[in-house]
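This report concerns only the one structure given below.
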Amino acid sequence: MARVPLIAGSGVAVLNVPDDAVVLRPPPPGQIVADVAAAAREALRFPLEGPPLEELVRGASRVTIVVELPSLPIPGAPIDPRHAAVEGASAELERAGVPSGQQTLLVACGLGRRAGPADMSLIAAPEFRRRFRGRVVVHDAEDPDLVDLGMAGNVPLRVNRALVDTDAVVVVTAAETVVHGGPAALIAAAGPEAIRAAGAWSLLETAASQGWQVATTLERLLAARVPLIGVSLVLNHPQLVASSLRGFPYDEHVAERIAGSPFRRALAVVPGPLRARMIRSLRRDLTAAGVFAGPPAVAHAEALLRAIAAREVVLDEPLDAIVVGIPPTTLHLPRELPNPLNAAQLGLGVALKLWRDSFPVVDGGTAILVHPLRRRFHHPTQQPYRTFFAATRFGREPEELRAAEQAASQDPRALAAYREGRTCHPLLPFADWASCQPALVRLGAVLVAGCRDSVAARQLGLVPIHGLNAALEMARGRVGGKARIGVLLAPPYFPIRSG
């Protein structure tokens, strides 16, 4: 019987894996692009489709570069290949006759907390920030000066003025999902209606994503007004730098060594917040495997297909139950200790939506999230989540929360705190909960192993379980004894192709 370590909040849980269980382990990082900046410049000269950047910006006096906050992958790394891609795009613009002082860097934050000066290290390298002479615009989804471009179905498309009052737009992102990167970055620079509508049943299939349809419509409407080109990176999985941990979770032998390490037992006596900080501070390398350019949707689709092929794990048939470890962090930036909804979103809204062909768990199956699910809210950055949890006392179904969502979207104090950069948009918790719904409607039960706040779990419709072994026994009992159980050895979370 193998022993598998799982990140469980700020600790490490060890699961004795039954012989008939399926351990889903991500493939190790593959080929590496040595010079991402040079690769980005090369891609902009020879795009997959359409004219090169030099032709698009000929005679331009102002060009906007759109970047996203790097919420994925989890965990990230301080030195991100996207930094070099931004630098390469800016350098190529200068070569084409658009100096740095005539460039605008638009930070598309979506509904997350608006980036401040301290967050600029997430977007660009220090050398580039010192050298850059253009404007930096941080998107405000509640800006009354947003420009109306039209409609995507019944969704109004209002975008940041920096996307329109310019001679060209260059989108620089990484291909993580259909709603992260590429044309979705334009949605992250739009109004709350478009961002709130950018959902997906699967994060890897365009046909199952309303967000992709809205994003491509927005790209088409914007391209009718200004020249538009995108750069999309294929990222490898992050790699731990520490020699004793390097290879986890890709190497089976490293995982076994961690499971039996005395350091893991010593870690258990360290206070929880300090343990979480230690886990988040582990140094990691993040590299790129490819760089593509062209219309944002085209470049993003090509890069995403390459990323899926390099990272995916094939599952022969769906599982009866799946175990997912939840790390002590949030999807949104700044990285913080997660509240119960943040933790549920990582498991249900990210890990269990990275599938292709079919959902990895049978209909009515069981998901086991390994996390203490403590109800703590960082102030003021997570204040809107308190409002959400207060609303769930009267019902957690989307129809039951509609009135609370409408009230939150009109709360003047919450909107003022968002616009000042002190907290996230008041609609973000409702969008996070909506991202969990595709998994919830397919699953028969979601168990939280190691739960320390049963009230918070039940408010979200989850089942609190004290230990992991008890959760496995309950999962077996739900199918009559013998169950096909899978263990997701993550983070990083990775694509699953289920037959």
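The values are calculated or read from the model by the stated rules, or taken from the named source; none is laboratory data. Quantities reported herein were computed from a predicted structural model and do not represent experimental measurements. Virtual Cβ from ideal backbone geometry, glycine too; neighbours counted across all protein chains shown. Accessible surface areas use protein heavy atoms only, side chains included; no ligands, DNA or RNA. Shrake-Rupley method; radii C 1.70, N 1.55, O 1.52, S 1.80 Å.
Counting only Cβ charges, +1 for Lys and Arg and -1 for Asp and Glu, the dipole size of the chain around its Cα centre is about 1560 debye. So how far, in whole Å, is the C-alpha centre of the stretch 48-105 from the one of the stretch 138-216? Going from one Cα centre to the other spans 18 Å. Share of carbon and sulfur in the accessible area of the stretch 1-94 stands at 52%, probe radius 1.4 Å.
For Cα extents along the principal axes in Å, the value calculated from this model appears in [x] 70, 50, 42; [y] 59, 56, 49; [z] 94, 50, 48 under label [x]. For the stretch 89-185, the share of DSSP beta bridges that are antiparallel, to the nearest 5, is 60%. Between the amide H of residue 284 and those of 241, distances stay under 5 Å, these residues lying 5 or more places away or on another chain, with hydrogens modeled in the peptide plane. Rounded, prolate or oblate: which one fits the stretch 1-147, using the alpha carbon gyration tensor with axes a ≥ b ≥ c (rounded when a/c is under 1.5, else prolate when a/b beats b/c, else oblate)? Taking the square roots of the gyration eigenvalues as a ≥ b ≥ c, the stretch 1-147 is prolate. Scalar couplings 3J(HN,Hα) for the stretch 313-326, obtained by applying the Karplus form with A = 6.51, B = -1.76, C = 1.60 to θ = phi - 60°, are 10, 9, 10, 4, 8, x, 8, 7, 8, 9, 9, 10, x, 10 Hz; x denotes Gly and Pro. Close amide H contacts of residue 248 (hydrogens built in the peptide plane, cut-off under 5 Å, sequence separation of 5 or more or a different chain): 240.
Considering only alpha-carbon pairs that sit under 8 angstrom and 6 or more positions apart, the relative contact order computed for the stretch 4-122 is 27 percent.
Protein heavy-atom accessible surface, 1.4 Å probe, per residue over the chain: 39 Å². Take the Cα of residue 20, step 7 Å along the line toward its Cβ, and report every residue of the stretch 477-491 whose backbone nitrogen sits under 18 Å from that point. Correct set: 477-487. Relative contact order of the chain, taken over Cα pairs closer than 8 Å and 6 or more residues apart, is 21 percent. In this structure the amide hydrogen of residue 466, modeled in the peptide plane, comes within under 5 Å of the amide hydrogens of 450, none closer than 5 places in sequence on its chain.
Entry note, the chain: the mean residue ellipticity at 222 nm calculated from DSSP H runs of n ≥ 4, each adding -39500 (n - 2.57), is -9000 deg cm²/dmol after division by the residues and rounding to the nearest 500. Per-residue 3J(HN,Hα) values for the stretch 162-170, derived from phi via the Karplus relation 6.51 cos²θ - 1.76 cosθ + 1.60 with θ = phi - 60°, read 5, 7, 10, 7, 7, 9, 6, 10, 10 Hz in sequence order (x marks Gly and Pro).
Extension gain, residue 256 to residue 154: 0.36 nm times the residue separation minus the Cα-Cα distance gives 31.5 nm. Among beta bridges from DSSP that stay inside the chain, the antiparallel ones total about 30%.
Within the assembled protein chains, the solvent-accessible surface assigned to residue 201 is about 120 Å², based on a 1.4 Å probe. The portion of the accessible surface of the stretch 227-383 made up by carbon and sulfur, rounded to a whole percent, is 55 (1.4 Å probe; DNA, RNA and ligands excluded).
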